[in-house]
Amino acid sequence: EGFSSVKFFLSLYRFQACVYFASAFQSMSCGIHYLASVFMAVTPNFVCGFPGNVSSVLFHNSSASNIEDIWTLWTSTENYIVVQLENGEIWELDQCSRSKREVSVDLAYEFQGNKSEFPCSDGFLYDDTKWKSTVVTQWDLVCDREWLAKLIQPTFMLGVLIGAVIFGDIADRLGRQRVIWFTSAGQFVFGIAVAFTFNYYSFVVVRFLLAMVSSGYLVVAFVYVTEFVGIKARTWASMHVHAFFAMGIMIVALVGFLVRTWWVYQIFLSIATFPFVLCCWMLPETPFWLLSEDRYEDAQKVIDTMARWNRVSTPCKVSELCSVQQDDVDNSRTDDSDTSSTKKHNILDLFCNWQIARRTITVWLIWFTGSLGYYVFSLSSVSLGGNEYLNLFLIGAVELPCYIIACIAMDKLGRRNTLIPFLILSALICVLIMFIPQDFNVLIILANMAGKFCIGVAFGLIYLYTAELYPTIVRSLAVGSGSMMCRVGSVVAPFCVYLRSVWIFMPLLLVGIMALLSGILTIMLPETLGKPLTNTLVEATEMGRNKKSCSEKTPPAHSGAALEKIEMFGQETVSTDK
């Protein structure tokens with residue numbers, strides 16, 4: 001495994017290595033902001049406030065002079081605290097209501113007399129032994145306002161969905177470099193701004209904008225690095241961007257452990273990747289995008305810079321590359337009179353026949369399941385018992401080896417043969433966790449790590465597998481639609497986690513069912529390892545039937561000479577998508 005990673009890094013030229021690690025480094029900020037709410041929006045133990053100063057506090061058989069001493073004894077939300085005020089009044093404090101005892105004789109926990117119920121008009125008292133301040137305690141997002149707290153993560157994920165669509169399109173129109181600049185600066189600015197929001201609604205709006213730029217960066221970063229690294233390193237390069245995202249999750253756990261005030265915690269998370277913001281303006285535009293916009297002189301300048309960094313004495317000339325590509329286009333038009341390649345395609349082409357439709361449904365389900373399982377395991381990690389900071393750190397750390405395993409397995413065993421066992425194994429682990437006694441915290445955490453590992457392999461693999469399952473004419477559409485299903489899964493995941501209040505294993509049950517169904521349906525997908533990419537829907541359909549299509553000619557996508565020259569600088573001439 002380690003040797004394969006070394007081979008990947010050595011396959012990058014000096015220029016590409018600098019660009020790659022700079023871009024991937026900023027991906028950590030995406031992982032940071034995606035999971036920041038697990039500690040920022042924690043709801044600690046709480047009870048209704050009371051009107052006056054306390055003289056004594058009673059909780060079952062324990063008494064204290066102040067309410068802070070009682071929190072260590074609190075074990076259930078159904079508990080209540082009895083307090084006696086300096087004026088002699090005795091109050092029973094529940095979480096969302098309080099009652100005043102009409103006859104105050106002796107201070108006792110049990111009372112059978114008359115009581116008057118009152119709303120929590122004096123605010124709430126929170127347990128600050130773990131967290132000094134969270135957004136929940138800041139704006140009293142409890143009781144009848146609890147639903148506002150539960151909307152924090154789903155609204156963020158909705159911003160992720162919208163940002164992926166908007167910035168992906170802008171990157172195609174204005175260039176990858178400008179979007180990298182804007183989204184990097186946006187993550188820092190909006191990240192800091194979140195800490196200084198003045199109420200809940202401004203907090204949600206700024207977090208929504210933060211989600212958009214974070215998602216936009218992640219989408220464009222995938223395209224950016226794959227257009228700079230060579231074809232041989234494409235798989236490993238894209239997979240290791242996921243690894244930097246996982247490192248961001250580990251940073252969340254570390255900062256959460258060290259900082260217990262939510263706005264300070266948010267500031268520290270936002271400045272974690274600030275060095276990249278200072279130097280991201282030096283990143284160049286990709287030659288591929290410049291060529292697509294007919295900016296040949298600018299493309300030549302970037303290629304010359306790459307040649308100097310990589311110590312290549314004879315850099316390729318854009319004029320030669322363009323002439324070779326033009327010859328390919330002319331040959332393509334001469335050899336194939338089929339006009340399907342110039343036809344405008346839409347989402348319905350992914351359902352053009354039964355073979356392709358079944359493939360699309362399965363792929364969408366895998367995307368949805370991968371995202372759902374990924375965030376359910378991540379968001380639930382802080383509720384597993386034991387040390388919640390260590391739990392989240394381990395859930396992030398387990399991703400680092402999983403992407404190495406995914407890269408090796410998909411090249412040795414095949415895409416489908418790797419995807420099926422890991423999906424089914426993740427389903428079995430979900431079932432296994434249900435039978436582990438709740439007292440066995442260590443075993444539960446290890447099982448959740450195993451589940452995250454398996455779903456992580458499937459989630460990382462589906463990017464490339466989707467691109468290989470579809471022909472050139474709808475490949476971008478297929479990956480883009482799959483990515484949308486992934487975003488839908490991330491929006492649904494927080495609501496799925498909230499179902500723990502209905503039944504503690506409900507989120508795992510749903511993920512297990514989806515993973516098992518996805519694994520079974522994946523059996524019907526064709527294997528793409530070692531097979532050339534298809535160009536037409538007919539070829540893609542025939543691949544599903546394990547037959548070779550002779551009914552259509554395959555137009556050459558790129559000249560071998562042109563590809564060789566681009567490969568010299570580690571640059572890919574066609575982006576396969578995120």
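Considering each of 189, 220, 165, 225 in turn, give the residue that is under 21 Å from the mean Cα position of the chain (by Cα), surrounded by fewer than 19 Cβ atoms within 10 Å (Cβ to Cβ) and farther than 25 Å from residue 139 by Cβ. Checking each option against the conditions leaves just 165.
Please verify whether residue 252 is in a helix (DSSP H, G or I), β-branched (Val, Ile, Thr) and modelled with pLDDT of 90 or more, treating the condition exactly as stated. Here the answer is yes, as residue 252 does meet what is asked. With respect to the conditions (1) under 17 Å from the mean Cα position of the chain (by Cα); (2) open to solvent by 10 Å² or more (accessible area, probe 1.4 Å); (3) under 30 Å from residue 150 (Cβ atoms), residue 238 lacks only one, and its number is (3).
For region 262-278, filtering for residues that are within 16 Å of residue 26 (Cα to Cα) and either part of a loop (DSSP other than H, G, I, E, B) or open to solvent by 50 Å² or more (accessible area, probe 1.4 Å) (or both) leaves 7. Tell me whether region 122-142 contains one or more residues that are at pLDDT 90 or above, open to solvent by 50 Å² or more (accessible area, probe 1.4 Å) and assigned to a helix (DSSP H, G or I). Scanning region 122-142 turns up at least one residue that is at pLDDT 90 or above, open to solvent by 50 Å² or more (accessible area, probe 1.4 Å) and assigned to a helix (DSSP H, G or I).
A residue that is exposed (fewer than 13 other Cβ atoms within 10 Å of the Cβ), touching a helix residue (DSSP H, G or I) at 6+ places or on another chain (Cβ under 8 Å) and at negative phi cannot be found anywhere in region 87-100. Contact annotation: no residue pair with Cβ atoms under 8 Å, 6 or more positions apart or on different chains, pairs a residue in region 392-411 that is closer than 17 Å to residue 375 by Cβ and assigned by the TED database to the domain that holds residue 376 with a partner that is among the basic types (Lys, Arg) and outside any helix (DSSP H, G or I).
The residues on offer are 39, 21, and the sole one that is under 30 Å from residue 372 (Cα atoms) and surrounded by fewer than 18 Cβ atoms within 10 Å (Cβ to Cβ) is 21.
Considering every residue within region 466-483, establish whether at least one is closer than 24 Å to residue 351 by Cβ, in a helix (DSSP H, G or I), assigned by the TED database to the domain that holds residue 365 and free of Cβ contacts under 8 Å to residues at least 60 places away in the same chain.
No; the residues of region 466-483 include none that is closer than 24 Å to residue 351 by Cβ, in a helix (DSSP H, G or I), assigned by the TED database to the domain that holds residue 365 and free of Cβ contacts under 8 Å to residues at least 60 places away in the same chain.
The lone criterion from (1) surrounded by 13 or more Cβ atoms within 10 Å (Cβ to Cβ); (2) free of Cβ contacts under 8 Å to residues at least 24 places away in the same chain; (3) of a type outside the set (Ser, Thr, Tyr); (4) touching a Gly at 6+ places or on another chain (Cβ under 8 Å) left unmet by residue 115 is number (4).
May I ask you to list the residues in region 425-434 that are open to solvent by 50 Å² or more (accessible area, probe 1.4 Å) and either of a type in the set (Val, Ile, Thr) or not in a helix (DSSP H, G or I) (or both)?
Selection gives 431 alone.
Residue count for region 55-86 satisfying the condition of being in a loop (DSSP other than H, G, I, E, B) and either open to solvent by 60 Å² or more (accessible area, probe 1.4 Å) or more than 18 Å from residue 44 (Cβ to Cβ) (or both): 7.
Being more than 12 Å from residue 540 (Cβ to Cβ) and open to solvent by less than 10 Å² (accessible area, probe 1.4 Å) is the filter here; which residues of region 468-480 pass it? Outline the logic, then answer.
Let us first name the residues in region 468-480 that are more than 12 Å from residue 540 (Cβ to Cβ), namely 476-477, 479-480.
Within region 468-480, 479 is the sole residue that qualifies.
Output yes when any residue across region 512-519 is more than 19 Å from residue 378 (Cα to Cα) and open to solvent by less than 60 Å² (accessible area, probe 1.4 Å), and no when none is. Yes.
The residue that is surrounded by the most Cβ atoms within 10 Å (Cβ to Cβ), counting only those in region 408-422 that are touching a helix residue (DSSP H, G or I) at 6+ places or on another chain (Cβ under 7 Å) and within 22 Å of residue 240 (Cβ to Cβ), is 419. Against the list (1) modelled with pLDDT of 90 or more; (2) of a type in the set (A, V, I, L, M); (3) farther than 13 Å from residue 461 by Cβ; (4) buried (at least 18 other Cβ atoms within 10 Å of the Cβ), the condition residue 384 fails is (1).
The values are calculated or read from the model by the stated rules, or taken from the named source; none is laboratory data. Note that this is a predicted model, so its numbers are computed, not measured. So basically every Cβ, Gly included, is an ideal-geometry build from the backbone, and we count neighbours across all protein chains shown. The area values use the complete protein model at the heavy-atom level, side chains included, leaving out ligands, DNA and RNA. Shrake-Rupley method; radii C 1.70, N 1.55, O 1.52, S 1.80 Å.
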